[in-house]
Amino acid sequence: MSPQPGSARGDPSQEKSPQPGSARGDPSQEKSARPRSTSGSILAKGSQPAWRDDFPLVVDTDVVYLDNAATTQKPRSVLAAIETYYETANANVHRAAHRLSDEATRAFEAARGTVAKRVNAAPEEVIWTRGTTEGINLAAAAYAPTVLQPGDRVLVTELEHHSNIVPWQVACQRAGATLAAAKVTPAGELDLDDFEAKLDGRTRIVAVSHVSNALGTVNDIPWVVARAKSVGATTVVDGAQGPAHLDIDVQALGCDFYAFSGHKMYGPTGIGALFGRRELLEAMPPWQTGGEMIERVRIEETTYAPLPFKFEAGTPNIAGAIGLAAAVDYLESLDGEAIRAHEADLLAYASASLSQIEGLEVVGTARVKGPVLSFLLDGTHPHDVGALLDQQAIAVRTGHHCAMPLMDAFGIPGTVRASFGLYNSRADVDALTQAVRKVRSML
Ligand code: PMP
């Protein structure tokens, strides 16, 4: 049987993600111990946030990196934690009787505890995944068939990333259910009246993003959950853009599932987590099957391991989990309020600066937004603008941002999107504004 998270082999609730080899002077421990900023004050124009130095690529490149909604850069402590794991403790987890395996298991389960604590969940309610996409697919493939009957409904919104549409389409097709999408307002907010109108008594699942990757809109998840509960629907939150910018408390949000990705919150690619409420996870059948997720296998039948292992078939991404826990430790070493104030300042400053450019239209003006600024330049295609910005060493994303229904709702092919991370500065925004002005003068 797989060890319980929280067992003596590595109790995640007792330890703060001890890195493998920490007794031997783990560099990640030194680097993540940055003193907390004591003020939420906004940095002066042109100055760089103190924590920028923690990100080697950001410091060493001449590219102004404004594509953080796609993926974030990694702090030294995350890189060090991964390297240290491979150098000092690499072994397969939960299996062998030897010391290295024990050490790897301890670090792996401690990482689960660190991530669970960060979102206020129990360790066994946190399933490791490859990322948000896999987390939503898990819920759509293993949970949806247990509740969807022909004629039932899954409700999403027009704001969703394809990862929070296509898995539900497939689940609906298989069950004979229908998929409905609540509309967005011209500002890019969820149209609450339309949401309520589409939330009928046949709605079994409501799947909504926490923060829109395309427009930055922050949805009011407790409101969505309360409305969904009123018709007995289960809630799945696409949290890909949440944890890098917001403190996530799944109890306060009240949702049943919350999926997120390590690489969007300063951790590695290929790792993420799905929070699921214990009762739901316990009642669900497994999704992928094979080694690691079993208790006893006979040719005739198999019994499954307890949570969370029931949903973790095969050798997991051990280094990724350890790297993600290091990213959580890194975020916890900073002053969350100061980061939020800094990112809000960048968004406000960028919105004000870019809006002054003739023919530039900001797409998505929700009242509550994450640090994402989508825009269009009159008479230009977003891809052309992106290519011309790239020539000036400004990295932005252009296109539909994996949100084609949203682009259709706005009647546009796509946008140019600048998305900010904690290491960006007003100087980066100035560089963007200057570069867009130059593009404007060229076209
Ligand atoms: N949802 C949203 C809102 C996203 O921004 C993304 C990534 N762009 C995803 C889902 C998918 O995340 P991942 O590719 O890490 O699985």
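The values are calculated or read from the model by the stated rules, or taken from the named source; none is laboratory data. Fair warning: this is a prediction, and the values are worked out from it, not measured in the lab. All Cβ positions, even for glycine, are placed from backbone atoms using ideal geometry, and neighbour counts span all protein chains on display. Areas reflect the complete protein model, heavy atoms only, side chains present, ligands, DNA and RNA absent. Shrake-Rupley method; radii C 1.70, N 1.55, O 1.52, S 1.80 Å.
Filter region 205-220 down to the residues that are surrounded by fewer than 24 Cβ atoms within 10 Å (Cβ to Cβ) and within 22 Å of ARG153 (Cα to Cα), then identify the one that is farthest from the ligand (Cβ to nearest atom). Only one residue tops the list, namely ASP220. Residues in region 79-104 that are touching a residue at least 60 places away in the same chain (Cβ under 8 Å), touching an Asp or Glu at 6+ places or on another chain (Cβ under 9 Å) and of a type in the set (A, V, I, L, M, F, W, C): ALA80, ALA81, ALA89, VAL93.
Give the residues of region 307-328 that are of a type outside the set (A, V, I, L, M, F, W, C) and in a helix (DSSP H, G or I), sorted by residue number. Within region 307-328, LYS310, GLY320, GLY323 qualify. Of the conditions (1) under 20 Å from the mean Cα position of the chain (by Cα); (2) within 25 Å of ASN213 (Cβ to Cβ); (3) not polar (S, T, N, Q), GLY113 clears all except one; give me its number. It fails just one condition, (2). Out of all the residues in region 146-154, is one or more closer than 25 Å to PRO308 by Cβ, part of a helix (DSSP H, G or I) and in contact (Cβ under 8 Å) with a residue 12 or more places away in the chain? Yes; the residues of region 146-154 include at least one that is closer than 25 Å to PRO308 by Cβ, part of a helix (DSSP H, G or I) and in contact (Cβ under 8 Å) with a residue 12 or more places away in the chain.
For region 70-84, state whether one or more residues are modelled with pLDDT under 50, in a helix (DSSP H, G or I), open to solvent by 40 Å² or more (accessible area, probe 1.4 Å) and among the aliphatic types (A, V, I, L, M). The answer is no; no qualifying residue exists.
From the list ARG99, ARG153, ARG130, which residue is under 20 Å from the mean Cα position of the chain (by Cα) and among the charged types (D, E, K, R)?
Going through ARG99, ARG153, ARG130 in turn, the sole match is ARG130.
Can LEU307 be described as away from the ligand (no atom under 16 Å from the Cβ) and open to solvent by 10 Å² or more (accessible area, probe 1.4 Å)? Yes. Selection of helices (runs of 4 or more DSSP H) fully inside region 333-443 by the criterion of at least 3 residues being among the small types (Gly, Ala, Ser) returns 336-355, 426-442. Residues in region 120-153 that are under 28 Å from ALA409 (Cα atoms) and touching a Lys or Arg at 6+ places or on another chain (Cβ under 7 Å): LEU148, GLY151, ASP152, ARG153. Each residue in region 92-135 was checked for being within 16 Å of the ligand (Cβ to nearest atom), out of contact with any helix residue (DSSP H, G or I) (no Cβ under 8 Å at 6 or more places or on another chain) and open to solvent by less than 10 Å² (accessible area, probe 1.4 Å), and 1 of them qualify. Restricted to region 406-427, and to residues there that are under 17 Å from PHE375 (Cα atoms) and not hydrophobic (A, V, I, L, M, F, W, C), the residue that is most open to solvent (accessible area, probe 1.4 Å) is ASP408. Out of LEU159, LEU138, one residue alone is within 16 Å of the ligand (Cβ to nearest atom), under 24 Å from the mean Cα position of the chain (by Cα) and in a loop (DSSP other than H, G, I, E, B). It is LEU159.
Considering only residues that are in contact with a strand residue (DSSP E or B) (Cβ under 8 Å, 6 or more places away or on another chain), open to solvent by 30 Å² or more (accessible area, probe 1.4 Å) and either in contact (Cβ under 8 Å) with a residue 40 or more places away in the chain or more than 22 Å from GLU125 (Cβ to Cβ) (or both), which ones fall in region 283-296? Of everything in region 283-296, those that are in contact with a strand residue (DSSP E or B) (Cβ under 8 Å, 6 or more places away or on another chain), open to solvent by 30 Å² or more (accessible area, probe 1.4 Å) and either in contact (Cβ under 8 Å) with a residue 40 or more places away in the chain or more than 22 Å from GLU125 (Cβ to Cβ) (or both) turn out to be GLU295, ARG296. Cβ-Cβ contacts under 6 Å between residues 6 or more apart (or on different chains), taken from a first residue in region 160-185 that is under 11 Å from ALA140 (Cβ atoms) and among the small types (Gly, Ala, Ser) to a second residue that is within 16 Å of the ligand (Cβ to nearest atom) and open to solvent by 60 Å² or more (accessible area, probe 1.4 Å), are listed as SER163/THR133. Restricting attention to region 253-293 and to residues that are among the hydrophobic types (A, V, I, L, M, F, W, C) and assigned to a loop (DSSP other than H, G, I, E, B), the residue that is nearest to the ligand (Cβ to nearest atom) turns out to be ILE271.
Looking at ALA171, is it part of a loop (DSSP other than H, G, I, E, B) and either open to solvent by 30 Å² or more (accessible area, probe 1.4 Å) or more than 16 Å from the ligand (Cβ to nearest atom) (or both)?
So ALA171 does not fit the description; no.
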